[in-house]
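Visitor: Just passing along the structure, written as structure tokens.
The values are calculated or read from the model by the stated rules, or taken from the named source; none is laboratory data. Everything numeric here is computed off the predicted structure, so don't read it as measured data. Every residue, glycine as well, gets a Cβ built from its backbone with ideal geometry; the counts of neighbours run over all protein chains shown. Ligands, DNA and RNA are stripped out before the accessible areas are found, and what is left, the full protein with its side chains, is counted by its heavy atoms. Shrake-Rupley method; radii C 1.70, N 1.55, O 1.52, S 1.80 Å.
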Amino acid sequence: MKIKIFNTLTKKKEIFQPANEDCVNMYVCGPTVYSNPHIGNARAALIPDILFRLLKKRYRKVNYIRNITDVDDKIMDAAKSEKKTVFEISKKYTKIYQQNMSVLGLLEPTFQPKVTDNIPIIIETINKIIDGGFTYIADNHVLFDTEKFPDYGKFSNRTLDEMIDGVRIEIASYKKSPRDFVLWKPSDKEQPGWDSPWGYGRPGWHIECTSMVKKIIGMDNILDIHGGGNDLIFPHHENEIAQGFCATNTKYCNYWFHNGIVLVNKKKMSKSLGNVILINDLIKKISPMTIRLALMSAHYRQPLNWSASTIDESINLIKKFEKIFNDNSSINNSEDECDELVDILSDDLNTPEAMTYLSSVSKKAKANRHDKKAFISSCNFLGFDFKNDNKPVKETLIDEVVIKELINERNLARKNKDFDKADKIRQKLNQMDIEIEDLADRTVWKIK
RNA sequence: GGCUAAGUGGCAGAGUGGUAAUGCAGCGGCCUGCAAAGCCGUCAACGCCGGUUCGAUUCCGACCUUAGCCUCCA
């Protein structure tokens with residue numbers, strides 16, 4: 001089984017070959033914990049989740065690292081506006097993030113390092129970069145000198161001239177070049193900070209990832225895979241590559257993958273447009289597995305347009321899957337008959353094709369045991385969990401007793417051939433957002 | 001302005017050097033008190049202009065359009 005993945009570094013689809021067959025290391029940029037996670041955060045976590053599952057199938061040991069950035073100016077701003085400490089804010093949103101991801105059926109990463117737990121290694125990494133002569137100090141900041149790294153810009157395919165064309169950037173006066181970036185910056189007494197060789201301060205934006213990678217995989221080892229949203233290609237990952245190389249004088253990472261962003265009404269989500277969709281809001285309306293499926297409906301490198309029809313189609317499909325899954329729940333829950341699915345996913349995580357496959361095998365599942373097993377084990381592999389409460393949160397607010405009484409009343413009316421009354425009751429249930437379905441021997445209901 | 005990705009039926013979305021999956025919606029039918037679900041059948045598409053080729057939707061080039069990045073961003 002060969003896993004192919006599009007490598008942003010080479011701009012080609014490549015066969016994945018880890019540095020060490022016995023242990024694969026993958027790092028993915030996790031959230032900065034300053035607000036509620038949105039559907040874009042979910043996509044950025046779900047794609048590596050699928051890749052993680054695939055890698056685990058193939059390799060004995062996989063270290064999946066997803067960081068938590070818990071020091072950042074945005075967190076400081078949030079603390080101010082919520083009138084809480086930075087620590088309270090980061091703790092609160094870390095918890096919500098992890099809960100949200102777990103509800104969506106994501107596996108826990110092997111490591112979830114926090115920046116605040118890793119200040120010593122960050123200082124050590126900065127020291128190595130300084131020792132290599134790639135930095136300068138200005139206005140109490142330690143800055144990375146991009147002039148000293150000739151490959152700077154290669155990854156994101158940018159030159160200084162192009163960037164100056166952008167002109168919208170306000171360049172900090174202490175920078176020698178606009179593209180230089182901060183490794184360490186000073187904090188005042190009110191701000192979070194740590195003592196360092198360069199005074200009391202805190203790490204810049206990019207250095208934490210590089211440092212935590214190196215801490216976990218070892219300073220001189222090359223990372224196999226690094227992922228993140230494609231809006232991180234520049235400057236974040238460009239800067240990581242520069243730092244990562246300059247800290248150890250070795251290649252930083254072999255394979256880079258980037259997921260496309262989530263669009264809402266064909267526009268990127270942003271607070272200013274007011275179109276940010278939070279996981280917490282979404283799970284009130286639609287089930288977690290519906291969200292999971294919707295996020296897989298587009299190929300990961302394409303933008304995913306989130307719209308009413310995206311949701312409707314996912315709801316329809318997941319209903320079918322759930323029904324067939326539950327009808328066959330006696331079949332064991334292993335993942336050992338999902339070879340076809342694994343083949344599909346091995347080709348650059350083709351999740352839309354995987355959904356097509358699931359759809360077709362779900363139809364055949366009624367007829368024969370082999371397809372039943374393939375369907376169940378494919379669902380398991382993809383993390384579709386219908387056993388737990390796969391229901392929108394609003395469902396818990398509904399009074400089951402009342403509904404059951406109405407259904408009984410209606411069935412009595414049907415028995416007496418009083419169809420007028422039966423239809424009226426169905427109408428009433430409809431108004432309560434309850435949809436009913438008459439089966440041969442009973443009536444089932446669900447939330448619309 | 002520069003860079004990147006993409007443009008496939010009503011919508012979503014695979015895929016391919018020899019005219020193209022699948023899902024939703026639509027239409028017709030079976031089933032049903034009626035619905036729903038299910039099943040069967042069915043209509044319908046490769047942005048535009050050139051080039052390469054026996055042949056291109058697929059390769060190459062120009063153009064148009066859309067989105068993203070170039071500033072914090074998943």
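Visitor: Under the rule of at least 5 residues apart or a separate chain, name every residue whose amide H is placed under 5 Å from the amide H of A:Leu263.
Guide: So A:Leu263 has HN proximity to A:Leu304, A:Asn305, A:Trp306.
Visitor: Taking the DSSP beta bridges in the stretch A:1-72 as the whole, what percent of them are antiparallel, to the nearest 5? Mind dumping the intermediate values first?
Guide: On the way: 4 of 10 bridges.
Antiparallel: roughly 40 percent of the beta bridges in the stretch A:1-72.
Visitor: Report, as a whole number in µm² per second, the diffusion coefficient that Stokes-Einstein gives for the stretch A:166-273 at 25 °C and 0.890 mPa s using the Kirkwood radius over alpha carbon pairs.
Guide: In µm²/s, the coefficient is 150.
Visitor: Additional query: Suppose every Lys and Arg Cβ carries +1 and every Asp and Glu Cβ carries -1, with no other charges. What dipole size does chain A come out with about its Cα centre, to the nearest 20 debye? It would help to have the intermediate numbers written out before the result.
Guide: Values: 67 positive and 62 negative charges, 247 e Å.
That gives chain A a dipole magnitude of about 1180 debye.
Visitor: Right, here's the next one. Note down the relative contact order for the stretch A:266-340 as a percent, whole number, built from C-alpha pairs under 8 angstrom at least six residues apart. Can you show the working numbers first?
Guide: Details: 21 pairs, mean separation 20.0, N = 75.
Relative contact order comes out at 27 percent.
Visitor: Principal axis extents for the stretch A:398-447, Cα atoms only, whole Å, descending order, please.
Guide: Principal extents (Cα only, largest first): 29, 21, 16 Å.
Visitor: On to the next question. Normalised by the residues of the stretch A:89-225, what does the relative contact order come to in percent, with Cα pairs under 8 Å and at least six apart? Intermediate results must be reported in sequence, preceding the final value.
Guide: On the way: 120 pairs, mean separation 32.9, N = 137.
Relative contact order for the stretch A:89-225 comes out at 24 percent.
Visitor: Now for a different question. Once you sort the root eigenvalues of the Cα gyration tensor of the stretch A:18-89 as a ≥ b ≥ c, which label holds: rounded (a/c under 1.5), prolate (a/b larger than b/c) or oblate (the other case)? Walk me through the numbers on the way to the answer.
Guide: On the way: a/c = 4.55, a/b = 2.56, b/c = 1.78.
Prolate, because a/c is 1.5 or more and a/b exceeds b/c.
Visitor: Please give the Cα centre distance for the stretch A:226-244 versus the stretch A:98-144, rounded to the nearest Å.
Guide: 13 Å
Visitor: When each pair of different Cα atoms in the stretch A:286-382 is counted once in the 1/r mean, what is the Kirkwood radius in angstroms, to one decimal? Write out the running numbers ahead of the final one.
Guide: On the way: mean 1/r = 0.0733 Å⁻¹.
Every distinct Cα pair counted, the radius reaches 13.6 Å.
Visitor: Go through A:Val103, A:Val182 and list them by solvent-accessible area, largest first, probe radius 1.4 Å. Can you show the working numbers first?
Guide: On the way: A:Val103 60, A:Val182 25 Å².
Ranked list, largest accessible area first: A:Val103, A:Val182.
Visitor: Here's a follow-up. Taking only protein heavy atoms and a 1.4 Å probe, what accessible area per residue, in Å², does the stretch A:398-447 have with all protein chains in place?
Guide: Accessible area per residue: 73 Å².
Visitor: Still on this model: Can you give the angle from 0 to 90° between the axis of helix A:308-327 and the longest principal axis of chain A, with both taken from C-alpha atoms, to the nearest 10?
Guide: The angle comes out near 60 degrees.
Visitor: Still on this structure: Can you compute 3J(HN,Hα) from phi for each residue in the stretch A:95-102, using the Karplus curve 6.51 cos²θ - 1.76 cosθ + 1.60 with θ = phi - 60°, rounded to whole Hz and x for Gly and Pro?
Guide: With coefficients 6.51, -1.76 and 1.60, one gets 5, 4, 4, 5, 5, 4, 5, 5 Hz.
Visitor: Moving on. Using a 1.4 Å probe over the heavy atoms of the protein chains, calculate the carbon and sulfur portion of the accessible area of chain A as a whole percent. Display every interim value, and only then the final one.
Guide: Numbers: 10750 of 22040 Å².
Carbon plus sulfur share of accessible area: 49 percent.
Visitor: A further question on this structure: Considering all projection directions equally, how large on average is the shadow of the alpha-carbon convex hull of chain A, in square nanometres?
Guide: Details: hull surface 99.1 nm².
Across all orientations, chain A yields a mean hull projection of 24.8 nm².
Visitor: Taking only the alpha carbons of the stretch A:230-276, what extent do you get along each of the three principal axes, in Å, biggest first?
Guide: Result, largest extent first: 44, 19, 11 Å.
Visitor: Might you tell me the accessible area per residue for the stretch A:286-382, computed with a 1.4 Å probe and given in Å²? Display every interim value, and only then the final one.
Guide: Working: 4100 Å² over 97 residues.
Value returned for the stretch A:286-382: 42 Å² of accessible area per residue.
Visitor: Same structure, new question: So if I take the alpha carbon set of the stretch A:249-317, get Rg, then get Rh from the Kirkwood formula, what is the Rg over Rh ratio?
Guide: Details: Rg = 15.0 Å, Rh = 13.7 Å.
Answer for the stretch A:249-317: 1.10.
Visitor: In deg cm²/dmol and to the nearest 500, what is the mean residue ellipticity at 222 nm of chain A if only DSSP H runs of at least 4 residues count, each as -39500 (n - 2.57), divided by the residue total? Mind dumping the intermediate values first?
Guide: Details: 15 runs with 191 residues, N = 448.
Helix-only estimate at 222 nm: -13500 deg cm²/dmol.
Visitor: Mind checking the per residue accessible area of the stretch A:69-143 for me, 1.4 Å probe, whole number of Å²?
Guide: On the way: 3800 Å² over 75 residues.
Counting only protein heavy atoms, the per-residue value for the stretch A:69-143 is 51 Å².
Visitor: Taking only the alpha-carbon atoms of the stretch A:58-182, what semi-axes of the equivalent ellipsoid follow from 5 times the gyration tensor eigenvalues under a square root, in whole Å, largest first?
Guide: Values: eigenvalues 202, 94, 59 Å².
Calculated on Cα positions only, the semi-axes equal 32, 22, 17 Å.
Visitor: Run the numbers on the stretch A:3-74 and let me know its relative contact order in percent, using alpha-carbon pairs under 8 Å that are six or more apart. If you can, show how the numbers build up before the last one.
Guide: Working: 70 pairs, mean separation 28.4, N = 72.
Taking the mean separation of contacting Cα pairs over the length of the stretch A:3-74, I get 39 percent.
Visitor: Note the angle between two axes, namely the Cα long axis of helix A:351-364 and the longest principal axis of the Cα atoms of chain A, as a number of degrees from 0 to 90, rounded to the nearest 10.
Guide: The angle comes out near 20 degrees.
Visitor: As I understand it, the value is the acute angle between the Cα axis of helix A:400-415 and the longest principal axis of the Cα atoms of chain A; what does it come to in degrees, rounded to 10?
Guide: 30 degrees
Visitor: For the stretch A:19-262, state the average projected area of the convex hull of the C-alpha atoms over all orientations, rounded to one decimal in nm². Show your work: numbers first, answer last.
Guide: On the way: hull surface 53.3 nm².
The orientation-averaged projected area of the Cα hull of the stretch A:19-262 comes to 13.3 nm².
Visitor: Over 22 Å between C-alpha atoms is what I'm after, so list which of A:Lys185/A:Lys268; A:Lys4/A:Lys267; A:Lys57/A:Lys215; A:Lys2/A:Lys214; A:Lys74/A:Lys268 land there.
Guide: Working: A:Lys185/A:Lys268 31 Å; A:Lys4/A:Lys267 30 Å; A:Lys57/A:Lys215 26 Å; A:Lys2/A:Lys214 27 Å; A:Lys74/A:Lys268 19 Å.
In this structure, A:Lys185/A:Lys268; A:Lys4/A:Lys267; A:Lys57/A:Lys215; A:Lys2/A:Lys214 exceed 22 Å between Cα atoms.
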